[in-house]
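The values are calculated or read from the model by the stated rules, or taken from the named source; none is laboratory data. The structure displayed is predicted, hence computed values, not measured ones. Note that each Cβ is placed from the backbone with ideal geometry, even for glycine, and that neighbours are counted across all protein chains shown. Note: areas computed on protein heavy atoms with side chains; ligands, DNA, RNA excluded. Shrake-Rupley method; radii C 1.70, N 1.55, O 1.52, S 1.80 Å.
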Amino acid sequence: MHMGIKVVKFGGSSLADAGQIQKAASIIRSDKQRRYVVPSAPGKRFSTDIKVTDMLYSCYNLAEQGLPFQKELSEIQARYNDIISGLHIDFSLDAEFAEIAKQFRNRAGKDYAASRGEYLNGKVIAAFLGFDFVDAAEVIFFQESGALDSEKTAVQLHKRLSQSEYAVIPGFYGCGYDGYVKTFSRGGSDVTGSIVADAVKADLYENWTDVSGFLVADPRIVENPAVIHTITYTELRELSYMGASVLHEAAIFPVRSAGIPINIRNTNAPDHPGTIIMSGSTDDELSAYTITGIAGKKDFTAINIHKDMMNAQIGFCRDVLSVLANHNIPIEHMPSSIDSMTVIVDSSYLRDCKSQIRTEIIKTVQPDALDSEDEIALIAVVGRGMCRTRGVAARIFAALAHARINVRMIDQGSSELNVIVAVKESDFEQAIRCIYDMFVNSVEEA
């Protein structure tokens, strides 16, 4: 009988001290399928605390300057010794710390220093769980360019983990092309978790953190927003592009291409099902609401260009866009009508060249009118259920009209997965709350 495999990754706040590690351990032990564990370094225990990785950076900084660093290194060891004594295990990291001190004196590099937080935590957690410890530097490899060597990594990881029924593989680092330890640049331990899940062909990749999944809207804007139960990778991309802080792209790619679902869970509320991220959607997995999420960003500029008979002038839009392209300005949206077009761009790109661009557009297409409007915010309403539901855009308009919010633009992609609305920055928060009320609160009250 095939026993399903779950790879579990725990973030720094989930492993900040012995108490948190005990919570994580009971989660792991409660399900025999949770066979491979990817830990982060211990995070903050309280808001003014320092993460172990930051302590390692500043300690190595001293070593690099040839200054004494033993006191700082002892403070790091004290953090781990606290964890070990809190877990009541007979285990010592003395040999590891002696090795780290030696490597620091030999200037082993910033990446080596930064990776030790995960390495040491992995050792402690493996000892506590009675799992095998697999050093990531022996199974995860980078190419000369610094990119992950996916093929070599997949082969080595699979080979090594097929010998271990239960193992701990520290996140965040691997082995560089030169044979030295190298860390991932973004989304470190998440990337490792994703690679391990792919290598063992896991049925599920669980990412344990300090939140119960993704929220329908930003909790700083909407009070106690609902949790998204299931979301597709495509929806996630749309939301994260619009500023929702979710997993980094590199951390999702290995499991996305292998079709392995990701479950975002809360270590401090293990009974909460969290959010499942999956490749495609089936009808029975649709959201409880028509929409999946709302996200938005401020600081855009709308450039409005009007010219009679514009639609008859071949290449008009192309000529306007080439002016922006020559200044390396990316375009967010471009709604247009018969005699006018609007180009929405991130205002930061226009800081130094606004009047120059204005001059060039006038010279290139001779518009009848040209003006621009700053302080525009864009809001994306995303959801795979929207294309099956009539009148989504109408309901968004109605919600905003009711709150007397003027919509500067509405843009719906042909995929019908999202509707983008532009409003004045001063209306941004209020607009998100109105849309949330319309699609979520009204459903819950119904």
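Numerical summary
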item: Base-10 log of normalised Debye intensity for the chain (one unit scatterer per alpha-carbon) at q = 0.07, 0.08, 0.14 Å⁻¹; result: -0.46, -0.58, -1.21
item: Spatially proximal aspartates and glutamates relative to residue 32 (Cα-Cα < 12 Å; intrachain offsets below 8 disregarded); result: 165
item: Förster radius 35 Å - calculated FRET efficiency between residue 387 and residue 147, Cβ distance, rounded to 0.05; result: 0.45
item: Charged-residue dipole, Cβ positions (Lys, Arg, Asp, Glu), the range 248-352 about Cα centre, Debye nearest 20; result: 220
item: Separation in nanometres of the label points that stand 7 Å from Cα toward Cβ, at residue 29 and residue 337; result: 6.8
item: Charge dipole (debye, nearest 20) of the chain; +1 at Cβ of Lys and Arg, -1 at Cβ of Asp and Glu; result: 560
item: Subset of 297/363; 307/363; 51/201; 110/201 violating a 22 Å alpha-carbon distance limit; result: 297/363; 51/201; 110/201
item: Å² of accessible area per residue within the chain, as computed with a 1.4 Å probe and no ligands counted; result: 47
item: The chain, helix-only ellipticity at 222 nm - DSSP H runs n ≥ 4, -39,500 (n - 2.57), divided by all residues, nearest 500; result: -11500 deg cm²/dmol
item: Electrostatic dipole magnitude of the range 327-396 [Cβ: Lys, Arg +1; Asp, Glu -1; Cα centre; debye, to 20]; result: 540
item: Burial ranking of peptide ranges 229-239, 26-36 (average Cβ count within 10 Å, highest at the top); result: 229-239, 26-36
item: Dipole axis of the range 1-135 (+1 Lys, Arg; -1 Asp, Glu on Cβ), positive-most option in 55, 85, 21; result: 21
